[in-house]
Amino acid sequence: GSVVRFNGSARITTLVNSTQLTAIIPAGDLTSAGAFNVTVFNPGPRGGTSNAQTFTVSPQPGTLKNIAPIHGNRLESLEVTFTGTNFISGITSVNVGKNITVNSTTVDNPTSLRTNLTITAFAATGNRDFSVTNIFGPDSVTSAPIAFAVNNPAPILERIDPVVGGRLQSLEVIFKGKKFFTDASFVNVGQGVTVESTTVDDQTTLRAIL
């Protein structure tokens, strides 16, 4: 009839012998860090509760072994799968760096999670570190990183205005389209035409002085 109480609540208990019990502590009891009291209760008129012993729950570090895909483009929303160990729903978060938005994170099982990301126009291109962090109360443990590459997408040119110019003329040409970037977009105008300056107004408009 002896029952183990974990943090005040009875847990499934099995008697091994008069000096040993086993008890099942559900995973739901272990999702926050800290010190918890463990006692044994014996029912009956001469029974009662034992003195308390301390059981400490510490952060279990997550490990990151692989991510897929390993690259994405500015202005793209995509799902990235993280593969590793010790992923826990509500505990494990992903670290993706500045100017990448984490829209959602779903832990499928302890070895796989999926996160939906949006790479903004302001994300720096090149490799950055992706990692996972397990957070337990005030404690946290972060995995070793894996590189994810941020690239520029191919621009889309829809029209230009004006569409004609004369020899020995200087003029401003407006380029309209999509996926233009201040630090990446330039214009190609061919032999004998000089590009004096290029100004990207926004992701759909740039102006060039020719």
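The values are calculated or read from the model by the stated rules, or taken from the named source; none is laboratory data. Bear in mind the structure is a predicted one, so any value in this text is a computation, not a measurement. Every residue, glycine as well, gets a Cβ built from its backbone with ideal geometry; the counts of neighbours run over all protein chains shown. The area values use the complete protein model at the heavy-atom level, side chains included, leaving out ligands, DNA and RNA. Shrake-Rupley method; radii C 1.70, N 1.55, O 1.52, S 1.80 Å.
Karplus-based coupling profile of the range 191-200, in residue order and whole Hz: 5, x, 10, 9, 8, 6, 7, 9, 10, 8, with θ = phi - 60° in 6.51 cos²θ - 1.76 cosθ + 1.60 and x standing for Gly or Pro. Just the protein heavy atoms count here, and of the accessible area of the range 1-94 at 1.4 Å, carbon and sulfur take up 52 percent. Probing with 1.4 Å while keeping every protein chain in the model, the per residue accessible area of the range 1-63 equals 67 Å².
The residues of the range 83-210 expose on average 58 square angstrom of accessible surface per residue, using a 1.4 Å probe on protein heavy atoms. Of all beta bridges that DSSP places with both ends in the chain, some 95 percent have antiparallel geometry. Result for the chain in a Gaussian network model with C-alpha springs under 10 Å: among T83, T115, T14, the largest mean-square fluctuation is at T14. Modelled label positions at A35 and N109, each set 7 Å beyond Cα in the direction of Cβ, lie 3.8 nm from each other. Values [x] 1.28; [y] 1.78; [z] 2.41 are given for comparison; Cα Rg over 2.2 N^0.38 Å, derived from the coordinates here, is the one labelled [y]. Taking every alpha-carbon pair under 8 Å whose residues sit at least 6 apart, the chain reaches a relative contact order of 15 percent. Carbon-plus-sulfur accessible fraction, the range 102-198 (probe radius 1.4 Å, protein heavy atoms only): 51%. Taking all protein chains together, L15, L210, L75 sort by accessible area into L15, L75, L210, largest first [probe 1.4 Å]. Dividing the convex hull volume of the alpha-carbon atoms in the range 102-210 by its residue count gives 147 Å³ per residue. What residue among N152, N42, N99 shows peak mean-square fluctuation when the chain is described by a Gaussian network model with Cα springs under 10 Å? Most flexible of the set in this elastic network: N42.
For K98, a cut-off of 24 angstrom between C-alpha atoms picks up these lysines, skipping any fewer than 8 places away in its own chain: K65, K178, K179. Here the range 24-83 is treated as an ellipsoid with the same Cα gyration tensor; its semi-axes, largest first and in whole Å, are 48, 11, 9.
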